[in-house]
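I have placed the structure first, in the form of C-alpha cells, so that the comments after it can refer back to it.
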Amino acid sequence: MFRRLITVFFLFFGVASTCFAAKNNNCLQIKGSDTMVNLVQSWAEKYMEINPQDFLAVTGGGSGTGLSSLISGSCDIAMSSRFITSKEIDLARKKSIEPFEIKAALDGLAVVVNPKNPVSKLTIDQLAGIFTGKIKNWKELGGPDASIVLLSREVNSGTHVYFKEHILRRGNPASTEEFAPAALMLSSSQAIADEVSQNTSAIGYYGMGYISSKQKAVAVAKDDKSVYETPTIDNVIKGLYPISRPLLIYTNGEPKGLVKKFIDYALSKEGQGIVVQTDFVPIK
Amino acid sequence: MRKIKEFIIEKLILLCGLASIFFVILIFIFLLKEGLALFKTVGVDKFLFGQKWYPISEPAQLGILPLILGSLLVTFGAAVISIPIGVGCALYIAEIAPPKTKEFLKAGIELLAAIPSVVLGFIGMVTLVPWVKNIFHLPTGLTALSGSIMLAFMAMPTIVSIAEDALYSVPKSYKEGAFALGATHWQTIHRVILPAASSGILAAVMLGIGRVIGETMAVMMITGNAAIMPNSILQPVRTLTATIAAEMGEAVVGSEHYFALFAVGIVLFIISFAINVTADLFLHKNK
C-alpha cells in the first residue's frame, strides 16, 4: 500500500512537470477519489506497459478535488466515488466544460470496528443512529460499556458524501441529517484503518479494498427483518450487500483520442480483471 | 560615476524593501475580495457565532464559532505549557548556564526549530496520541491536549531565542548594582533582570503564540478535526487552519464554501495580525 503510494507520488512529481510544460497529446492527468487511486493507478501502469508512448499521471485528493480540477481544466479525467451534483454541472457549463459520466466499477462500503469489539452486525437504522450521534454507547448495541468513537472522512471525500446521503439520510434528498459534530474527520481511508486497528471503541467506514485482518467488517442489513450481509465481492455483485456504490469516471465531453483509448482499456476484460485484483467489483 | 552606482544600488534596495509590503498588501486585498463575498449571502453574526460547520450541505451551515474556540483552546494549552518552560530555559541560558552548556543548549533549541511541523505531527500521532488516550482513559487520544503539547514544542524555540535576547540586552550595570547591594543571584534575576527584560519577554511570548495559532499540519494530524463546541481540553477540536487546509482542495472556485474558507482566512489574519502588533508594541516599548 505504502509503496504503491510512493510510486504514485514519484511518478507524479517525476513526469508531471514535463506533462504540464509540453502539454503534448500523449499525456493524461487523472485526479480525484482516494478510493479509486489504487485501481486507476493499476490500470495506468498496465496501460503504459502496453502503450509505452503514452503517459498517465494519477493523483488522489478526493472526489470533490477531482471534479473541481476537471471543472477548472487542470485534469483530463476525474475519478469520483459519488455522482456529480447539479451545482457542479452548472459551474462546469459556465466554463464550457461538459462532464461526461462513465461507470467504471462497483464498490462496497465497509463499516469497520476493532476485531476485539463483540458487535458484528448492524442495521442501516442503527448505523444512521450511530453516525448522527443518537446512539452514543456500545452498550446500546450489545457491546461493552464504552462510548463510541466516530471516524469519518473529511468533506472532500466522495465516501463521506455517499455515506451521508445513503446511510444518514437514507437516500432522501429532503432529509437534513448530518454527521454528529463529535465525529473525528480523518484525512484518508488509511488513517481510519489505522485508528480502528488500535482503538477498541472506534467505528469507521471506507471502501472494501482497505479491509485487512486488523479491522473487522460489520455485517449490515437493510432493516431488522432482512438478512445481515458482509461486504464481499459476491454479495456486492448480487446486490445483496446494502451499502454499495458505483465508481465513476468523468471526462470533458464524450471521450475521444487518448482519453477514449484509456477508458476502453479500463472497461475491457483485462481492465475489469484488474478491478477484481484491487478488491473492487467489476461492472460486467 | 560612483554617485550613479550608489544611487542605483540605493534605489534597488529600496525596491526590495517596498516589495515585501507590496506583497502583503496584495495578499490582504485578495483575501478581503474573496472573503467578503461570503457576506452577501451569510450574515457576519451567523458566520462568527454560528455553532455548526457543515459546509457542503444544502443549505450550507457556515458557523465558525467551534473552529475559533478550537484554535484558541489549542493555542491556550500550548501557551500554558510552553511559556514557563520557554522563559525558564531562556533565563537559564542567559544568566546561569556556563558558556559550554550555553552553546550546547542554544544549538539544541535551534535544532528543535528546524524540525518540520509535519514530522512533529507524525511523531505526535504515533507516540503522544496513544499515550494521552491511556493516561486519561479517553475514548480517543486525538484531542486538543495532544495538539497543545505538540505545538508547545514548536513555540518554544521562538520564545527561548527572543526571550534570551531580551535578557541578554539588560545592561550589565543593573546586575552589578544588584550584587553590590548584597542581593543573591536569584533575587537579582527575579527582582531586577526579569522586570527589566519584561517587555522583550512578552514580545517573545506573543510571537510564540503567533506561531502556534498559524500552525496547520501538526494540528490537523493530531487534534481529530471534529467541529464541536469544546468544553474540555481532553476533547477533539477542529482549528481554523486545519479547516482551510482540509477543505480548500475540494471547494469549487466561486462557491459559497470557497468564499467561506477565505473568510476563515480573514479571521485568522486578524488574529495573528493583532498578536504581531501587540508583540511589536512591547518590543518598541523596550527601546
Which pairs, out of A:139/B:52; A:46/A:269; A:94/B:46; A:116/B:133, put more than 19 Å between their alpha-carbon atoms? A:139/B:52; A:94/B:46
Run the reach check for residue A:256 against aspartates and glutamates, Cα to Cα strictly under 14 Å, same-chain hits fewer than 8 apart removed. What comes back? A:76, A:98, A:101, A:264
For chain A, the helices passing both cut-offs (Cα extent along own axis of 15 Å or more, Kyte-Doolittle mean at least -0.5, full DSSP H runs) are A:2-22, A:34-50, A:257-267
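Could you please tell me the mean projected area of the C-alpha convex hull for the protein assembly as shown, averaged over all directions and given in square nanometres to one decimal?
Numbers: hull surface 137.9 nm².
It is 34.5 nm².
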Rg (Å, one decimal) plus Dmax (Å, integer) for the alpha carbons of chain A? 19.3, 61
What distance in nm lies between label points placed 7 Å from Cα along the C-beta direction at residue B:18 and residue B:46? 4.4 nm
Can you sort B:138, B:14 by how many other beta carbons sit within 10 Å, fewest first? B:14, B:138
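Could you give the length gained by full extension between residue B:183 and residue B:102, i.e. 0.36 nm per residue of separation minus their alpha carbon distance, to one decimal place?
Numbers: separation 81, 0.36 × 81 = 29.16 nm, distance 2.39 nm.
Result for the pair: 26.8 nm of gain on full extension.
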What is the dipole size for the protein assembly as shown, taken about its Cα centre, with +1 at each Lys and Arg Cβ and -1 at each Asp and Glu Cβ, in debye to the nearest 20? 500 debye
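Counting only helical runs of four or more DSSP H residues, what would the 222 nm mean residue ellipticity of the protein assembly as shown come to if each run contributes -39,500 (n - 2.57) and the total is spread over all its residues? Please list the in-between numbers first.
Working: 22 runs with 304 residues, N = 571.
Taken over the protein assembly as shown, the calculation gives -17000 deg cm²/dmol.
If packing is taken as the average count of other Cβ atoms within 10 Å, what order do A:243-253, A:30-40 fall into, highest mean first?
Details: A:243-253: 21.2, A:30-40: 27.1.
The densest-packed peptide leads the list: A:30-40, A:243-253.
Could you work out, residue by residue across A:157-169, how many beta carbons of other chains sit within 10 Å of that residue's beta carbon, and then give the average as an integer?
Values: counts 1, 1, 0, 2, 2, 0, 0, 3, 0, 0, 0, 0, 1.
Counting Cβ atoms of other protein chains within 10 Å of each residue's Cβ and averaging gives 1.
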Using a cut-off of 20 Å between alpha-carbon atoms, which aspartates and glutamates can reach residue A:216, once sequence neighbours fewer than 8 places away in the same chain are excluded? A:107, A:125, A:140, A:145, A:194, A:195, A:229, A:234, A:279
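Please compute, for peptide A:180-193, the average count of beta-carbon atoms on other protein chains lying within 10 Å of each residue's beta-carbon. Kindly include the intermediate steps, with their values, before the conclusion.
Details: counts 2, 11, 7, 6, 9, 12, 6, 6, 0, 0, 0, 2, 0, 0.
Per residue, the number of nearby Cβ atoms from other chains is 4 on average.
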Got a sec? Charge dipole of region B:47-286, +1 on Cβ for Lys and Arg, -1 for Asp and Glu; which of B:269, B:109, B:59 is way out at the positive end? B:109
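As a test of the definition: which semi-axes, in Å, follow for region B:47-286 when you take the square root of five times each eigenvalue of its alpha carbon gyration tensor? Largest first, please. Don't jump to the answer; show the numbers that get you there.
Values: eigenvalues 303, 79, 42 Å².
After scaling each eigenvalue by five and taking roots: 39, 20, 15 Å.
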For region A:134-284, report the translational diffusion coefficient in µm²/s to the nearest whole number, using Stokes-Einstein at 25 °C, 0.890 mPa s, and a Kirkwood Rh over Cα pairs. 139 µm²/s
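What order do you get for A:175, A:152 when you list them from fewest to most C-beta neighbours inside 10 Å? All intermediate terms of the calculation are to be shown ahead of the outcome.
Details: A:175 13, A:152 23.
Starting with the residue having the fewest Cβ neighbours, the order is A:175, A:152.
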Largest-first principal axis extents of the Cα set of region B:164-287 (Å): 69, 32, 21
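As a quick test, which of the pairs B:11/B:285; A:164/A:225; A:134/B:40; A:87/A:136 have an alpha carbon distance above 29 angstrom in this structure?
Violating the 29 Å Cα-Cα cut-off are B:11/B:285; A:134/B:40; A:87/A:136.
Among A:179, A:100, which comes first, then next, by fewest other beta-carbon atoms within 10 Å?
Numbers: A:179 22, A:100 14.
Lowest to highest Cβ neighbour count: A:100, A:179.
Only the coordinates and a few stated rules stand behind these numbers; no lab work does. These numbers were taken from a predicted model, which means no experiment stands behind them. Heads up, the Cβs are rebuilt from the backbone with ideal geometry, glycines too, and the neighbour counts pull from every protein chain shown.
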